[in-house]
1. How long is the gain from residue 78 to residue 91 if the chain were fully straight, where each residue apart is worth 0.36 nm and the alpha carbon distance is subtracted?
2. Which are the unpartnered cysteines of the chain, meaning those with no other cysteine Cβ under 4.7 Å from their Cβ?
3. Can you compute log10 of I(q)/I(0) for the chain with the Debye formula, treating each Cα as one identical point scatterer, at q = 0.15, 0.23 Å⁻¹?
4. What translational diffusion coefficient, to the nearest whole µm²/s, does region 61-102 have by Stokes-Einstein, given a Kirkwood radius computed over alpha-carbon pairs, a temperature of 4 °C and 1.567 mPa s viscosity?
5. Based on DSSP, what percent of beta bridges with both residues in the chain are antiparallel, to the nearest 5?
6. Under unit Cβ charges (Lys, Arg +1; Asp, Glu -1), what dipole magnitude, rounded to 20 debye, does region 1-103 have relative to its Cα centre?
7. So what does residue 51 come to for accessible area, using a 1.4 Å probe and Å² rounded to 10?
Amino acid sequence: MSNWVRVGKISECPPGMVLERVAGERVIALCNAEGKLFAIDGVCPHQGGPLGEGELVGTTLGCPWHGWQFDITTGQHQLNRRVRQPQFPVRVEGDDIYVNIEPDAAPAAE
């Protein structure tokens with residue numbers, strides 16, 4: 001069973017924007033890369049930095065605390081292939097953005 005949680009509106013997350021949101025008991029980083037939405041775990045695995053407050057350049061999200069960088073399309077850390085942030089499927093209904101926080105849900109944008 002899926003667990004879709006409303007996390008905001010499209011108007012709140014224009015292209016190039018990153019938002020920190022709480023979905024259920026998870027903190028997520030909601031990212032808009034050139035009009036396509038992605039959601040990854042919002043807590044950096046390095047020292048718990050807030051990825052939702054990081055800078056998005058293209059599809060690379062940088063942690064504001066120590067600069068760890070992740071590809072938001074895959075969750076992959078940019079330097080260490082063993083580190084991957086969990087991703088969450090995103091869908092849009094009207095102007096509302098939903099994220100599926102079910103642990104086994106396959107990532108899929110919109």
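1. Numbers: separation 13, 0.36 × 13 = 4.68 nm, distance 2.57 nm.
Once the chain is fully extended between residue 78 and residue 91, it gains 2.1 nm.
2. Among the cysteines of the chain, those whose Cβ sits 4.7 Å or more from every other are 13, 31.
3. Evaluating at q = 0.15, 0.23 Å⁻¹ gives log10 I(q)/I(0) of -0.53, -1.29.
4. Numbers: Rh = 11.8 Å.
After rounding, the answer is 110 µm²/s.
5. Beta bridges within the chain, antiparallel portion: roughly 100 percent.
6. 320
7. Approximately 0 Å² for this residue.
The values are calculated or read from the model by the stated rules, or taken from the named source; none is laboratory data. Computed from a predicted structure; not experimentally measured. In this analysis, Cβ positions are derived from the backbone assuming ideal geometry, glycine residues included, and neighbour counts consider all displayed protein chains. Areas reflect the complete protein model, heavy atoms only, side chains present, ligands, DNA and RNA absent. Shrake-Rupley method; radii C 1.70, N 1.55, O 1.52, S 1.80 Å.
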